[in-house]
Structure formats: C-alpha cells, structure tokens
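Engineer: Once you've had a glance at the structure underneath, I'll fire off some questions.
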C-alpha cells in the first residue's frame, strides 16, 4: 500500500491512516482480529462476509485546489494528496466508510501548518481576503463531523489549519501547579514534557494519542476519570486564541466573578470563534496512592442506585464506571453478565483506605459483591502490588479494550459491520426511562433495517451528583456483501434514531463528543433559538466574515451554510 | 423616623433601610456599638467624631417620574418614594454615604414588581417601546454599583425590576438532588422551603439574608465554603431567563459538551443579557458529620504554604480560611495576632476522622498548632458536642462577625469612618507580591489622605488548587467632623488605588462581588477588548435596544453609556 511509504507531507508526525483510526502501519493483534471476525460472523448470513480493501492514496480522486498560498505562506501550506486526505474527515464510522467508498468530495483545498501564532494570524488574514473557510484541526479525532471542510458553495475554498507544530509546554508554575501549553500538543507529547516535573494534566480521553489540548478545549473533552475534576473545562485556567479580529487572551486566575467567563465561551466553540493557540492548564501531582474494586450486582437497578449513592457521597471516586450486562459481555468482564461497577480512588497525597471502605459500605447497601483480597492488594503502595492490581483484573481488561477499541473499527468497518457509539448525560430521575427508551428505539431501528436483534450496550463514563453520563455502543450488520453504501445508509438511519431518542428523552446530544455537523439537529432541539442567536452575535463580532468552521455548531450570521457532513449530506 | 412606619410600597418584605444595610428597624447590639465607637475613636483626632443622622424619606428630593405604567401594568408598578429610594443604590460604602448626603439623583423613575414571568415579559416590552432602561434587582445587596439606575441621558427613563415575588421552590427532584427555584427567592426563604426535604443549596454568601438566587447567578456569587463546589456557578443545572427578544431556557443536564454553555453566559451577566426568572439548582443533603480545627502559625508564609498544601491535597475542606495578623486582630480570634487557619470538614455521608487527621499532618508540616481536644470534640456526632464545638471557638466567633459586619457599617459610615472591603483571586505563584503590593499601595494611599497609618487586613475566603481568593478590609478616617463629602472623596481615591493595584498585580478585579459600575475600569484592564466585543455582540442579539442594565459590565452596542456610579460620577 502506498500509505506504508513516507507520503508527501508537511506534517512532522508518523504517517497516519487517512481512512481509519491511528497510524498507517499499526495492525490489530491476532487475538483481536480473531475475536472481531467471530463477532462479525455471528451477525452475518450463511454467505459469510465480504471484506473491502483499504484505499490507496492513488485511488482517491481530488479536485484541483481552488486556492494558492501567497509567497509568504508557501512554506507552511501543503496541497499534497496525503495532507488533503488526512484532513478530509474525522474518525467517525461514516468518515471511514466514505474513505472506503473512495469518496473525498469535501477535501480541503489546502492544509496550513502554522509554526507560530503569527502564522495563524497570517493564515486567517489570507483566508478572510480570499473568502476561504478555515477549519481548525487538532488531532482530527472528531467523531461528529467537526473537522470536515464541507462548507457548501458560499466559500471560494477551504483551508484546514493543522496546529501540530504548536506542541510545546512553554512554562511551568510549580507553586500553582499549572503550565502554559501550546494548543497543538498531543496527549503523549504533553504528558512527556510534564512527567519530569512530577506533574500531569491527568486528562485521558479515549483519543489521547490522537488528539490535542486545543481540540480538547474546543470540544469540551471528557477525561478518563469519573467524578469531580474530569471535564477539560475545569482544568482550563486561561486561554489564548486568534480570531479574525484579533487575539482573545484571558487572565490566569484560579477563580473569578468578573463577568461571564471568556474561557467558558471558547470551551465548546469547536473552532467557530477562534483558533486556540495556547492555554494555562491546571495540573496535578502524579498519584502515589490507589484503591480499587470491581463490584458485581444482581440487577442493573441496584448497580445504578449504588453509583447514585457514590456520586452524592462526596467521596469523589476517580473511577465509578457502571457497565451494563451487554457491556460486560462485550468487554468480557467478570462473569460476563452481572452489571459491574469499576470503582477506583487515586491520590497523590494520602492513603485511601477510609475512602474505599466507606464506598464499599455504600455499594454493599445495594447488594454489591467484590473480592476483598483484591481490594486489599489494591491498597498496597504504588510501584508494588497496588499498581500491579490496578493494571489487572476488571479495571485492566477494561482499560486495554478502551484504548484499542478505535482500532477495531478499522476491521469491522471493512467487514460491513455498523459499529458505533454515542454518549449523553441525564439527571438521575430521568435515567431509567432514558436507558430503556434509547435501547428500545435504537434496537428497534436496527431490527427494522437488518431483520436481526440490535446489539446496544451502555456504560457510564462519568457520574455527577445529579446524574450519570451514559455511553452507548451499538452493532448491526451493514449488508455483509461488501455494499458499504448500504451500510452507510443503515448507519444514517440508526444515527438519526439515536439522536432523536437521546434528545427527546431529555438527554444531551453529546456529553463529550461535541456537536460538529452530525449532532446539529439534536443541538438545535435542546437549545433555545435565542441562545444560538446570542452565540451567532458573539461570533459575528470576532469573525465578521464567517470564515471559521462554517456549518459546525451554528451557521455564521448572514450565511445559510447548513450542516453538511455524514448525517446531512448535501447531495 | 418615618422609616419605622410601614412605608407606601408594593413590596411584601419587612421594611428595609433605604440608606444602609438590612431591615429599617434592626439595631446594633450595645457591645457592637461600643466596640465600633472605640475603633472609630482610635482613628479620630482629639476633637472626637461628629455623627451624621440617618436620613428620613421626607428629606430626600426625588425628581418626578418620567414614565407612567400602562393600565395593564399599573398594579405591579410603584412610584412611591420608599420604593424608588430602596432601588436607588446597592449596599456599598459610597451608596450609604450618598444617602447620608441626601443624594438620590439616579433614583429609578418607577419600580416594577412582577408577579409572574409574563409580567417580566410585559415590563420589558413596555420598556423597549419607551426607550427606558431596565435594571434587574434581586435583593439589592450589590457593592459595586450593579443595581444603580445611573444610565445617563440616552434613555427616556429607568425602571428597577424587583423579582421578590418570584420566590417559590417550584419542584424538587429528590433522586437527582435538584430543585427548580424561582430567581427572586431570598436565601432564608429558599432554605426554609428545602429544609423539610432534608436538602440544602448550601450557598451562604455574607449577603445571604438580603440577596436572591437570581442575583447570585447574575453576579457569580461565592458561597461560604472554601473549596470544590462553592461558587454558585457549579450549582446551576439549568436557567430560564427573559430577554427582550424572548425566553432563553437551558436544559437540565448534569454535564454536557454541546457547544459553549449557555448557563455560563448567564452566570456573571449582571442583568445585561436577560432577567433570570428561575433555575434548576443542584442541592446537597444536610451535613451530619463535622470536623474542625483552628490552627495557629508562626508566620503568614507558613500559614499560606499550609493552605496551599491543603488546597492541592484532594481533601476538599469545607472551610480553609486563612486570617492574616491584621484580620485576626480585627476579629479578635485566638491570641489576636498569630495567623490562623480555620479548617473544617462537613459531610452528609461519612465521619471525617481520616480527613482531618491528614489535614492536620499537612498543617503540622508547616508548623501549625491546634487544640487537639477541641478537634476531638468537633468530631462528636452532630446535634451534640460536635455542633456545639462548631458554633463556638474561632469558627463561631468568626461566623458571628461575618454575618453582623454589614450592619456595623451603618454606624461607622455615620461616624465618618471609611471602612470597606474588596476581594480578588491570584495564582499561588503571584500571591506574595500581590499580598504585599496591595497592602502597601492601599495603605500608602490611606496615609497620604489621612496622615495616619492605613489599616488593611486580609483573609482567604476561598482556596483553589491553583491559588487563593484574598479578601481585603481597609479602614481610614474620613474627616471625623461630619464632612461625608470629603469621606466619599477619600473613599474614591482609595478605591481607585485598590482597583489599580489588584489588576496590575495580576489578580481579578472581583472574585465574587461582580463588576457593576465600580469595577469597570479594572474589568477592562483584565479582559481582551475582543472578548468584550463578543459579549456586546451576544447582548445585541438578545437585547437589540440595549435597555438591560446599561453601563454595568459593558456598554450596549451603539450606545456610549459609560459606567456612572460612585467611582465614575457623571458630574
């Protein structure tokens, strides 16, 4: 495959798969591949499954770029096929399928790789003058059409703006446990620069390896941890962004009551208000104490009530993940069927015996059962048995699956499986009807489309005192005969049903995957038109030309861009 | 005095002092009065102090109202002198002085008392049609000119909109621990409705008795507690606001990543974007376990380092208030001179032995000393010794002073003392220079004005992992001879010096007192012009006529209102 050679690119990164998750040369382990083929085979008809080959760059048809960089920017602007293809889509199911269908209609005309903030300013100036749309691009791990330059006919061209060269930790404030970090820093890169100082941002989304600080802020990313400080929102001390009208910088403050928070306006702005170039981030010391337990329950309701009690206890567990029976089966946790809560505490300051003891009293009140010896081992000092325990058992199995899962789809997509996830949040009082209703509607849609029972599983990724953040995974057979166009059409019907169910049953269209293009209908269903007008007013003030990521989240004032993308295709 | 009789009013509340803090018929205790006269006498020259008499309503000159309510609104709109005077100022030092000077130039023309949301809509419609400014008014406890209708000549009239009739807890969601509360509910009213359910909002600002939920949200109020969930921001689950363009409602969600948070836009909007009519608020169970300690230190630096360690420990103390030597002296805590940290834990779920034990290890690392027996007593079950201990000792003394202090100023203002407070927040790394610099500059200004050493004390009201929120109190002699105009002029010079010091030394102009009119210069110093443009753009979308609280926070688009108020007088 052409992708195994070093492609023509201005990127400094190890070559990426332009059609699927991760690095171009990364493969599935044999055990992963066997297990996925079994899963797919179980859904297929007796004819078996046809496997679609990954695309080569040479197979992709790209229109000639409609714009050329001025001389001063030529060294940081690429029109190479690899660069354009890597920046054509994010990493959602339909993104991969469209690449497997050899479709890259909305590829950016060019990709800009700014090396400094002034380059960002210059690119925006150039774009504004040329009526070109600018799509800020961090790691490109969006699963909602957030980085797809499908901006319609109102723009002369589209420019993807890749921040990967802005990756330094520029300053560390030890006393305040904070660091000034450039927005293009990827997860591992950022942690590697903090580790020698004994510090960590401790923000570990599933996309960790393939997403950036700026992307996390722009999309209100959710971290790995279950409670209290976990959303990136709470770690942002200050931000600096380039808008078409100038630089928007906020002051480093631990707290403030001076007007509406400007950081909170940039958080979730998804590239529509400015290009985030750096941020002061609140850090933590690396944990040295741990305690954990895998708790099994007799029913989903008992497990949910236990988690509710934990969420309202003020104990602030770092892990408090409920896996429902389908999720337990999918991830082969415990006995493979009992609802399970993976419970954990971490601290850089104190042993956690009292914390886990009280947490286990709470889960016992709801009939939870656990292995007391494993809990005792988990309390051993870090670096010894504690860490080992932490890496093994249910928590370890789950962690492994969590990080590898995006790669699995590189195979399941090619086999015609429609495997996707969506997530929400809902008050505790609405959870039961939400959980039942979402699974019923999505499952029914799958059955109507495929004639087979739909697989829909659920886990909690985060829990708040007033409600959980449920995360759903669904699996359906596309057609199995290599007809990915029919698979994509099935995905679209399931996705629309999921969007509709989540919002009509009182949830949010997204807890941490952002709105992008794919969730716009749901976003409009759950927000007041008057707020979206306010947001449009704010955008117009900083981006009067409406060039920043048009179609994502909202339309710019005076432009009817529409969402485009995978759920709302233009043609 | 006329104020002791029931005034002519549409208010349902016990009559308020229109010139000072609190109820019109509330007096200082004899011990309070004696102690304040001693304080004032110590600053005065040998001539003693002249005491200015409180004003009667009849002494106040009010211009005739320039606007009359339409028939449909006549029953909820008042033009009585009492109602207009109560809504003329907030409760800052210069607000009281201007009343003692018998000046109420910017009194609202009328006061509207909506009984339901539709009334709010109707008042805004009426105002928009009449080019009248509308100043939303909760409890009127603003100390930054946030409710003063000093809107300049560009408006035909001003209407103060008092939300006191919107005071009900409308719905309680026990499972999610949340309640739908009307925005006009005062602290005690709101807690009284939650108490039978074993629930509490647990938000206790100093103004608790004289401020409302809507006011807390509009000004990003800070509660009584020291760490983790304390700012009102974190308790807001959803809001509903009336804007001139329609209703802006957000969805009840425990967490969301769907675009920038609309609630966070309303938080801190200070009445410029809409009138908040109700909110779903996150509640807590009433605490049943407590632990506390008063810890004394050998130096301010030791105390500060101990608090920094506590703030970064993940123990989340509910109290962690550092009082500096001047603050200890002012509040007569402990030996009256050692820097003291009032440390406390509260929980509705679990005994707090392990928590306070570890906290005391941390303070011991920094040389802190405490009474071990008092700590042991504080751990006794609530309702018995624990609560008793909690109400006594340093914590109790401090609490008493905290709640009474605003009343003290009703006397000190009349005696010509310039006694005021201001607060900020700053990263730990900047604290030492900030603490020294603010005290030096404010103290020097007082000395230059009065020829006497300036009293400036500091405590931490809140602590975050990345920095504290220092709260300063200053005292200076006005002139002592009853010349309040000269006292006001001295206050203005000290206030300008304080504003300038706080912002130039890296802090925020306000941590929880809001911006209003008095902090506008500082606000503009610490925010990017481009963000204020974005905010103006958002405002223009929801309030195209620019009628909502003009001059507070920002100017409406196309109107040059200016701040007005006490620091920036128009004449």
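Engineer: Quick one: length gained pulling residue A:63 to residue A:529 fully straight, 0.36 nm per residue minus the C-alpha distance?
Structural biologist: Gain on extension, residue A:63 to residue A:529, equals 164.1 nm.
Engineer: Within 10 Å, count the other beta carbons around each residue, average over each peptide in A:514-523, B:106-115, B:329-338, and list them highest first. Could the numbers behind the result be given before it?
Structural biologist: On the way: A:514-523: 27.3, B:106-115: 24.5, B:329-338: 16.3.
Ranked from most to least packed, the peptides come out as A:514-523, B:106-115, B:329-338.
Engineer: Which value in deg cm²/dmol, rounded to the nearest 500, describes the helix-derived mean residue ellipticity at 222 nm for chain B, given -39,500 (n - 2.57) per DSSP H run of n ≥ 4 and division by the residue count?
Structural biologist: -10500 deg cm²/dmol
Engineer: Binning at 10 angstrom from zero up to the longest distance, how are the C-alpha pair distances of segment A:174-282 distributed in percent?
Structural biologist: The percentages, shortest bin first, are 15, 50, 31, 4.
Engineer: Right, another one. Considering only DSSP beta bridges with both partners in the protein assembly as shown, what is the antiparallel share in %, to the nearest 5?
Structural biologist: 85
Engineer: What do you get for Rg/Rh over the protein assembly as shown if you use C-alpha atoms and the Kirkwood form of Rh?
Structural biologist: Rg/Rh: 0.98.
Engineer: Please state, as a whole number in µm²/s, the translational diffusion coefficient that the Stokes-Einstein equation yields for chain B at 20 °C and 1.002 mPa s, with Rh defined as the Kirkwood radius across alpha carbon pairs.
Structural biologist: 88
Engineer: In nanometres, what is the gap between the two model label sites at residue B:53 and residue A:125, each 7 Å from Cα along Cα-to-Cβ?
Structural biologist: Result: 6.9 nm between the two label points.
Engineer: Using only Cα atoms, locate the centre of segment B:157-171 and the centre of segment B:185-205, then give the distance between them in Å, rounded to an integer.
Structural biologist: 18
Engineer: Right, another one. Whole angstrom only: what separates the Cα centroid of segment A:57-73 from the Cα centroid of segment B:313-327?
Structural biologist: When both Cα centres are located, 59 Å separates them.
Engineer: In nanometres, what is the gap between the two model label sites at residue A:286 and residue B:171, each 7 Å from Cα along Cα-to-Cβ?
Structural biologist: 4.9
Engineer: Next up: What is the Cα radius of gyration of segment B:434-559 over 2.2 N^0.38 Å, N being its residue count?
Structural biologist: So the Cα radius of gyration is 1.26 times the expected 2.2 N^0.38 Å.
Engineer: Then there's this: Using 1/(1 + (r/R0)^6) with R0 = 41 angstrom and r between the beta carbons of residue A:481 and residue A:13, what's the FRET efficiency to the nearest 0.05?
Structural biologist: 0.70
Engineer: Averaged across the residues of B:521-533, what count of C-beta atoms belonging to other chains lies within 10 Å of each residue's C-beta?
Structural biologist: 6
Engineer: So how long is each side of segment B:151-237 along the principal axes, counting just the alpha-carbon atoms, biggest first, in Å?
Structural biologist: 50, 28, 22
Engineer: Going by Cα centres, segment B:468-543 and segment B:212-263 are how many Å apart?
Structural biologist: Each part's Cα centre sits 23 Å from the other's.
Engineer: Tell me the distances, shortest first, between residue A:336 and the same position across the other copies, using label points 7 Å along Cα→Cβ, in nm to one decimal.
Structural biologist: Inter-copy label distances (nm, one decimal, shortest first): 7.7.
Engineer: Plugging the Kirkwood radius over Cα pairs into Stokes-Einstein for segment A:282-327, at a temperature of 37 °C and a viscosity of 0.692 mPa s, what D comes out in µm²/s?
Structural biologist: Answer from the Stokes-Einstein relation: 262 µm²/s.
Engineer: Along Cα-to-Cβ, 7 Å out, sits the label point; list in nm, shortest first, how far the one on residue A:452 is from those in the other copies.
Structural biologist: So the label point of residue A:452 gives 8.7 nm to the other copies.
Engineer: What is the percent of Cα-Cα separations in segment A:300-377 that go past 17 Å?
Structural biologist: Value for segment A:300-377 (Cα pairs over 17 Å): 45 percent.
Engineer: Here's a follow-up. Could you work out the relative contact order of chain B? I mean the mean sequence separation of Cα pairs under 8 Å and 6+ apart, divided by the number of residues, in percent. Display every interim value, and only then the final one.
Structural biologist: Working: 1243 pairs, mean separation 91.1, N = 571.
Taking the mean separation of contacting Cα pairs over the length of chain B, I get 16 percent.
Engineer: What's the FRET efficiency of residue A:299 with residue A:102 using the Cβ-Cβ distance as r and R₀ = 60 Å, to the nearest 0.05?
Structural biologist: Efficiency for this residue pair is about 0.80.
Engineer: Can you give the Rg and Dmax of segment B:233-319 based on its C-alpha atoms, in angstrom?
Structural biologist: Here Rg and the maximum Cα pair distance are 19.3, 58 Å.
Engineer: To check my understanding: the extent here is largest minus smallest coordinate of the Cα atoms along each principal axis. What are those three numbers for segment B:10-88, in Å, largest first?
Structural biologist: 59, 25, 16
Engineer: For segment A:71-141, report the translational diffusion coefficient in µm²/s to the nearest whole number, using Stokes-Einstein at 4 °C, 1.567 mPa s, and a Kirkwood Rh over Cα pairs.
Structural biologist: Taking Rh from Cα pairs, D becomes 98 µm²/s.
Engineer: Can you pull the one-decimal nm distance between simple spin-label points at residue A:372 and residue B:38, each 7 Å off the Cα toward Cβ?
Structural biologist: The answer from the label model is 6.0 nm.
Engineer: What average count of beta carbons from other chains do you get within 10 Å of the Cβ of residues in A:460-470?
Structural biologist: The shielding value for this peptide is 5.
Engineer: Also, quick follow-up: Which distances, in nm and shortest first, link the residue A:525 label point to the same label point in every other copy, taking 7 Å along Cα→Cβ?
Structural biologist: Result for residue A:525, in nm, nearest copy first: 5.0.
Engineer: Another question, then. Work out the mean other chain Cβ neighbour count within 10 Å for the residues of B:275-282 and drop it here as an integer.
Structural biologist: The shielding value for this peptide is 1.
Read-outs throughout are calculated quantities, based only on the coordinates presented, and are distinct from any laboratory measurement. None of these values were measured; they are calculated from a predicted model. Note that each Cβ is placed from the backbone with ideal geometry, even for glycine, and that neighbours are counted across all protein chains shown.
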